[in-house]
2 protein chains.
Amino acid sequence: MAWLRKPVRGILMDITGVLYESGERKAIEGSVDALKMLRTADVPFRFVTNETQKTKDQLGSALHRLGFDIYEKEIFMCAPAAKKFIHDLNYRPFLLVHPNVEAEFAECDQNQPNCVIVADAGSNFTYENMNRAFHVLVDNDDSVLITLGKGKYYKEHDKLTMDVGPFTAALEYAAERQAIVIGKPGEEFFRMALEDMKLRPDEVVMIGDDLVCDVGGAQSAGMRGVLVRTGKFRPTDENHASIKPDAIVHNLMEAIQRILSTGRPTKPVLPQ
Amino acid sequence: MAWLRKPVRGILMDITGVLYESGERKAIEGSVDALKMLRTADVPFRFVTNETQKTKDQLGSALHRLGFDIYEKEIFMCAPAAKKFIHDLNYRPFLLVHPNVEAEFAECDQNQPNCVIVADAGSNFTYENMNRAFHVLVDNDDSVLITLGKGKYYKEHDKLTMDVGPFTAALEYAAERQAIVIGKPGEEFFRMALEDMKLRPDEVVMIGDDLVCDVGGAQSAGMRGVLVRTGKFRPTDENHASIKPDAIVHNLMEAIQRILSTGRPTKPVLPQ
């Protein structure tokens, strides 16, 4: 297994479709135990998720109910990162997001918006709201388009559902503007999690169910990218024209078992 | 005026934003007279419109009320062209269109759709309908995406409003499929009108308010493209990175005056 020739010193994981199936109330088989094995083996790991229909609090609680032993500080989400970004640059957002996530931006000045934040807004993606976002962009040449991820779709209640990416593409096309991506597959987003583990990209494996955002994004950022056959995985993902996963595994448990089976030291051996 | 060095033997025109402003109930100044001048000068002309919120009947009546002397056979619209296309190829459509235009496809078998027809659906562009269209594409590798034009926006009640193009871009991104364009800027659509006039592209000038669909599309098809400063025209159109109109004029009247002022024979001189 070529992808394991180099030691794995840390792991990044997606949440939805890797730990549990969106819309279902149970963990994916083996994933609770896989995390326990990682903790026992003392391999550092973090979660990088484009989930924008829940706050970190809501997501953390949902994971605990499913039996996962996860600390909130281990989870990297887009909305808090976007909030910091617009705060640092003094942008006033128009929010095209899910109602659950509006609270995250409650402190931001939203008068005379000069930026659009698009997230997985679900049924908030109305023609009227799309036009409001379009006008923030087209009425002011200096305004910016920020998207929380560029996912094409996700799986909910066993059905593929359109994600934020297509609606971002619509606004990019209409307003002739390229979106700033905060979230996967953006390199910056992965880097926050890597820095938190104090690891270099080539020391880390990213495990996810989204070929483009998880696998392609991780590989572009210098990591190895492993695709699981759970969540939104589709058989056609195995023959994608440009993105080739370093490995394709049945599920998270198989990925973790393979990584731990190498028996290599997962932490750098420090000089005595 | 370099663009008039070569004789103009026929004219194509957009309707909305050239003859009248969308949402307003009066003709753009001079446009009624401009058409009269063309008829008097015996210069052939046709209308090529991506209008998909009205049937040809409704559009013709609206134009007559505004004082335009236009025959329905002079108007080329996308929906009838799309209907012929899917009929010839045995496609069963899922319609993401404005309710006014649904009747155009009433005879088509719409069971178990294997193609999506997207038009300017307005408030029919809900998240639910977008997902239904997405599933027609993603559930069947052989299904096709057909879009009636790729316009970015149009002007209605003095306000820019998102057109079909962005929503097509969203479906293309989500389903990783390129849309078949029936309408401007598609060359095939212009060709129907050219053939009807029995003219070659290099003999014809296209006049429109949409830089990409009218001017860029016409130029790609081998015609000259003239931009009017009415309708959805925006000052930034004059400095577009890649599309350079052959001329930019105040309105339709100015374009027609300039063309007719050349005094050249507009019809080929046939051998005696």
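Laid out as a table, the results:
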| quantity | calculated |
| --- | --- |
| Failed item, numbered, when A:Gln272 is tested on (1) more than 25 Å from A:Gly23 (Cβ to Cβ); (2) in contact with a helix residue (DSSP H, G or I) (Cβ under 9 Å, 6 or more places away or on another chain); (3) modelled with pLDDT under 95 | (2) |
| The stretch A:23-37: number of residues that are more than 12 Å from A:Asp69 (Cβ to Cβ) and crowded, with 19+ Cβ neighbours inside 10 Å | 1 |
| Check on B:Phe85, over 30 Å from A:Asn124 (Cβ atoms), of a type outside the set (A, V, I, L, M) and in contact with a strand residue (DSSP E or B) (Cβ under 9 Å, 6 or more places away or on another chain) | yes |
| Residue match in the stretch A:248-259 (condition: modelled with pLDDT under 95 and either within 11 Å of another protein chain (Cβ to nearest Cβ) or part of a strand (DSSP E or B) (or both)) | no |
| Only one of A:Ala133, A:Ala103, A:Ala121 that is at pLDDT below 95, small (Gly, Ala, Ser) and out of contact with any Gly (no Cβ under 8 Å at 6 or more places or on another chain) | A:Ala103 |
| Tally of residues being touching a residue at least 60 places away in the same chain (Cβ under 8 Å) and more than 15 Å from B:Glu172 (Cα to Cα) across the stretch B:110-150 | 2 |
| Residue in the stretch A:75-87 that is surrounded by 18 or more Cβ atoms within 10 Å (Cβ to Cβ), out of contact with any Leu (no Cβ under 6 Å at 6 or more places or on another chain), part of a strand (DSSP E or B) and within 14 Å of another protein chain (Cβ to nearest Cβ) present | no |
| Single match in A:Ser22, A:Ser61 (criterion: modelled with pLDDT under 95, among the hydroxyl-bearing types (Ser, Thr, Tyr) and assigned to a helix (DSSP H, G or I)) | A:Ser61 |
| Listing of helices (runs of 4 or more DSSP H) fully contained in the stretch A:99-212 that carry 3 or more residues being out of contact with any Ser or Thr (no Cβ under 7 Å at 6 or more places or on another chain) and either within 14 Å of chain B (Cβ to nearest Cβ) or not β-branched (Val, Ile, Thr) (or both) | A:127-138, A:164-175, A:187-197 |
| B:Val32 touching a Ser or Thr at 6+ places or on another chain (Cβ under 6 Å) and not assigned by the TED database to the domain that holds B:Ala169 | no |
| Residue check for B:Tyr91: more than 14 Å from chain A (Cβ to nearest Cβ) and of a type in the set (Ser, Thr, Tyr) | yes |
| Out of A:Tyr173, A:Tyr153, sole residue that is in contact with a helix residue (DSSP H, G or I) (Cβ under 9 Å, 6 or more places away or on another chain), more than 22 Å from A:Ala79 (Cβ to Cβ) and hydroxyl-bearing (Ser, Thr, Tyr) | A:Tyr173 |
| Pairs, first free of Cβ contacts under 8 Å to residues at least 40 places away in the same chain and over 15 Å from B:Val18 (Cα atoms) in the stretch B:153-173, second assigned to a helix (DSSP H, G or I) and hydroxyl-bearing (Ser, Thr, Tyr), C-beta under 8 Å, six or more apart | B:Met162/A:Tyr127; B:Gly165/A:Tyr173; B:Pro166/A:Tyr173; B:Ala169/A:Tyr173 |
| Count of the stretch B:25-58 residues which are within 20 Å of B:Met206 (Cβ to Cβ) and in a loop (DSSP other than H, G, I, E, B) | 8 |
| Any hit, the stretch A:169-179, residues being out of contact with any Pro (no Cβ under 9 Å at 6 or more places or on another chain) and aromatic (Phe, Trp, Tyr) | no |
| Only one of A:Lys267, A:Lys232, A:Lys159 that is modelled with pLDDT under 95, surrounded by fewer than 15 Cβ atoms within 10 Å (Cβ to Cβ), among the basic types (Lys, Arg) and within 30 Å of B:Val164 (Cβ to Cβ) | A:Lys159 |
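The values are calculated or read from the model by the stated rules, or taken from the named source; none is laboratory data. Just so we're clear, the structure is a prediction, and the values are computed from it rather than from any experiment. Glycine also receives a Cβ, built like all others from the backbone with ideal geometry; neighbour counts cover every protein chain displayed.
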